[in-house]
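Down below is the structure, laid out as structure tokens.
All of the numbers you see were taken from the coordinates with simple rules; none came from a lab. Just so you know, these numbers come straight off a predicted model, no measurement behind them. Neighbour counts run over all protein chains shown; Cβ positions are idealised from the backbone, glycine included.
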Amino acid sequence: MHTPLLIIGGGLSGLAAAIRFARFNPDVLILEKHSRVGGLNSWYYRHNSLFETGLHAITNFAPPEDKNAPLNRLFRQLKLRRKDFSFHEQLTSEICFTNQEALRFSNDFDLLLHEITSKFPGSANQFIKLVETIKEHDPFQTTPFRSARTYLDNTLNDPLLVDMLLCPLMYYGSSVENDMDFNQFVIMFRAIFLEGMFRPHGSIKDFLDRLLNHYQNFGGKIRLQAQVARIIHQGNKVQGVELQDGEIIECDALVSTIGLEETLACLDTPPLRQTQGKRLGFVESIFRLPSECRKDLPTDKTIIFYNNSEQLQYQRPQTLVDLTSGVICFPANFQGLAPQPYFEVRTTHLADYSSWKSLAGDKIAYLTAKSNTASQSKTTVEKIIGNFTQHVVYEDTFTPLTIERFTAKKEGAIYGCPDKIKDGNIGYDNLFLAGTDQGFLGIVGAMLSGVSMVNQHILSRL
Ligand SMILES: Cc1cc2nc3c(=O)[nH]c(=O)nc-3n(C[C@H](O)[C@H](O)[C@H](O)COP(=O)(O)OP(=O)(O)OC[C@H]3O[C@@H](n4cnc5c(N)ncnc54)[C@H](O)[C@@H]3O)c2cc1C
């Protein structure tokens, strides 16, 4: 079999890349190892109920009339009609450094501005100047890593405010410990604070089904449970792939969305260079309770980014999990959502892959550690949001091992390796990297990555 374009991975970057190409040429094939699409952001059924694997919120909210906003540009590039989708905006979210300070923000940037002006009056003018810099800066230039933390320390002169601003931006988009690249900081600041957060109507499955239908309506093809074992190449030219069952599929061009080292492993070539820094792992828990039992929990907050320690530690812990900081999300607390029989609390904390890996051979020890982690997470977040533990009717926890197992992400690192290949070029004529390790993170980021790599490297070959 031969196809002009092969895409490895049916996550959000692979789907977006495939749709973009299929608009011009239906001869594109996605190969996905799992039995469903979505990758890191997918779903599963338990007790006849659908559970999302993680969706908290999608960043980059924009009203339909803001034609230049990244979300609307993404829709145009994919030929999706905005009016076919209905979006629910966040209510209010909060950065809560317990015993220190709290900052509320929403999709109206004035709320954050007002909070900072009143709670950090000494840094208010510098913050306003920072926002102007962020609006004018071009974050898509391929420049070497520049520390956002150092920049903020020098600009804002208030370590607490710096940590509070970095907290949500790192949790939702940094593959680097305690810092992020300044360009990535600008992208995430715009995406979360200046634009805002929302979730699509229905579940992530509904959203993914729409993308997949749209792709298939263009004539694009997908093979599920099709794991690429090897990328066949002669010198710098890729000729095709070999699937795990031995089938060979030839192609003119290949886009890989599975990560840098994961792609190089399929090429049997040594890495171009050693990747720097540690990969960051997370544990994510879902707690479901009957809606009538949610009365002690916040009704006006969508997401809380918390930190309980003197100084925020956004780094790989040396133990299974670090509960001193994290994210708490209430997926029912978005504007205009119809009441549901169940209410969910989702929590995210930093985790250490090697500690979890050391339990991999002992099922009982692993399951006990998962259950203890979930209990500790509940106890920790209850102090911030109120009691709910006694009402939980279903809970599940994903560790870095779960994420590695279902998505083949090395060390289950959601944000991939710390250094990124911004132009997608890993030294082959017709093989390009898109998705997490190209450098755009999160759902909108992954989708924009897929589109931009096809625009830059593939469409010009048509
Ligand atoms: C628990 C959790 C919660 C999250 N919450 C949010 C959120 O609220 N908002 C947000 O914006 N982002 C969130 N994210 C991050 C977001 O999901 C990801 O950044 C984004 O989906 C990455 O997409 P991707 O296509 O680059 O990678 P992936 O989703 O990893 O896609 C890669 C795909 O390749 C497949 N694959 C791997 N190896 C092979 C192979 N050899 N052959 C064939 N296929 C292969 C995998 O199965 C996978 O489907 C969350 C992630 C997690 C894990």
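Any lysines with Cα under 26 Å of the LYS119 Cα? List them, leaving off those in the same chain fewer than 8 positions away.
Once the sequence-local lysines are set aside, what remains near LYS119 is LYS129, LYS135, LYS301, LYS383.
Over what distance in Å are the Cα centres of the stretch 185-202 and the stretch 409-462 separated?
Between the Cα centre of the stretch 185-202 and that of the stretch 409-462, the gap is 20 Å.
Given a Förster radius of 45 Å and the C-beta distance between HIS47 and ASP84 as r, what FRET efficiency does 1/(1 + (r/R0)^6) yield to the nearest 0.05?
Details: r = 31 Å, r/R0 = 0.70.
Computed FRET efficiency for HIS47 and ASP84: 0.90.
Residue separation times 0.36 nm, minus the C-alpha to C-alpha distance between ARG223 and THR155: what's the value?
Between ARG223 and THR155, full extension yields 19.5 nm more.
How much FRET efficiency would the formula 1/(1 + (r/R0)^6) give for ASP66 and SER354, where r is the Cβ-Cβ distance and R0 is 51 Å, rounded to 0.05?
Rounded to the nearest 0.05, the efficiency is 0.70.
Please enumerate, by chain and number, the lysines with C-alpha under 27 Å from the C-alpha of LYS357, excluding those fewer than 8 residues away in the same chain.
Cα-Cα hits under 27 Å: LYS33, LYS278, LYS370, LYS378, LYS409, LYS410, LYS420.
When DSSP assigns beta bridges and you keep just the ones with both residues in the chain, what percent turn out antiparallel, to the nearest 5? Can you show the working numbers first?
On the way: 50 of 72 bridges.
Restricted to the chain, the bridges split so that about 70 percent are antiparallel.
For the stretch 277-407, what does the relative contact order come out to in percent, with C-alpha contacts under 8 Å and a separation of six or more?
Details: 223 pairs, mean separation 50.9, N = 131.
So the answer I get is 39 percent.
Pick out, from THR92, ILE385, ASN178, the residue whose Cα sits farthest towards the positive end of the charge dipole of the chain, with +1 on the Cβ of Lys and Arg and -1 on the Cβ of Asp and Glu.
Positive-end residue among those listed: THR92.
List the GluC sites (Glu not before Pro) in the stretch 184-293 that DSSP assigns to loop (not H, G, I, E or B) and whose Cβ has at most 14 other Cβ atoms within 10 Å. Which are they?
Filter output for the stretch 184-293: GLU247.
Grab the other residues whose beta carbon is less than 14 angstrom from that of LEU113, score K and R as +1, D and E as -1, and report the net. Before the final figure, lay out the partial values.
Values: positive: ARG104, LYS119, LYS129, LYS135; negative: ASP108, ASP110, GLU115, GLU132.
Here the charged neighbours net out to 0.
Helix 363-385 against the longest principal axis of the chain: what's the angle in degrees, Cα atoms only, rounded to the nearest 10?
40
Net charge within 12 Å of GLN456 by Cβ-Cβ distance, Lys/Arg positive one each and Asp/Glu negative one each, not counting GLN456 itself?
Here the count lands on +2.
Please give the Cα centre distance for the stretch 281-350 versus the stretch 32-77, rounded to the nearest Å.
19
Just to confirm a number: summing +1 for Lys and Arg and -1 for Asp and Glu over residues other than THR347 whose beta-carbon lies under 15 angstrom from that of THR347, what do you get?
Numbers: positive: ARG288, LYS301, ARG346, LYS370, LYS378, LYS383; negative: GLU52, GLU94, GLU284, ASP322, GLU344, GLU382, GLU395, ASP396.
That sum, taken over residues with Cβ under 15 Å, equals -2.
Can you tell me the orientation of helix 109-119 relative to the chain, as the angle in degrees between its alpha-carbon axis and the longest Cα principal axis, to the nearest 10?
Tilt relative to the chain: about 40 degrees.
Placing +1 at every Lys and Arg Cβ and -1 at every Asp and Glu Cβ, with all other atoms neutral, what dipole size does the chain have around its Cα centre, in debye to the nearest 20?
Charge dipole of the chain: 820 debye, to the nearest 20.
Helix 442-453 against the longest principal axis of the chain: what's the angle in degrees, Cα atoms only, rounded to the nearest 10?
30
Among 50-61, 427-438, how do they line up from the highest to the lowest mean number of other beta-carbon atoms within 10 Å?
My ranking of the peptides, most packed first, is 427-438, 50-61.
Exposed loop sites here are trypsin sites (Lys or Arg not before Pro) in DSSP loop states with at most 14 other C-beta atoms within 10 Å. What is the longest stretch of the chain lacking them? Please list the in-between numbers first.
Numbers: sites that count: LYS67, LYS79, ARG81, ARG146, ARG273, LYS295.
Maximal segment without exposed cleavage sites: 296-462.
Ignoring everything except DSSP H segments at least 4 long, calculate the 222 nm mean residue ellipticity for the chain; use -39,500 (n - 2.57) per segment, divide by total residues, nearest 500.
Calculated from helices alone, the mean residue ellipticity at 222 nm is -9500 deg cm²/dmol.
Given R₀ = 45 Å, FRET efficiency for SER375-HIS2 by Cβ-Cβ distance, to 0.05?
After rounding to 0.05, the efficiency reads 0.25.
Could you give the alpha-carbon Rg of the stretch 107-192 over 2.2 N^0.38 Å, rounded to two decimals?
1.03
Mind checking the dipole of the stretch 107-192: about its Cα centre, +1 per Lys or Arg Cβ, -1 per Asp or Glu Cβ, Debye to the nearest 20?
Working: 6 positive and 12 negative charges, 15 e Å.
I would put it at about 80 debye.
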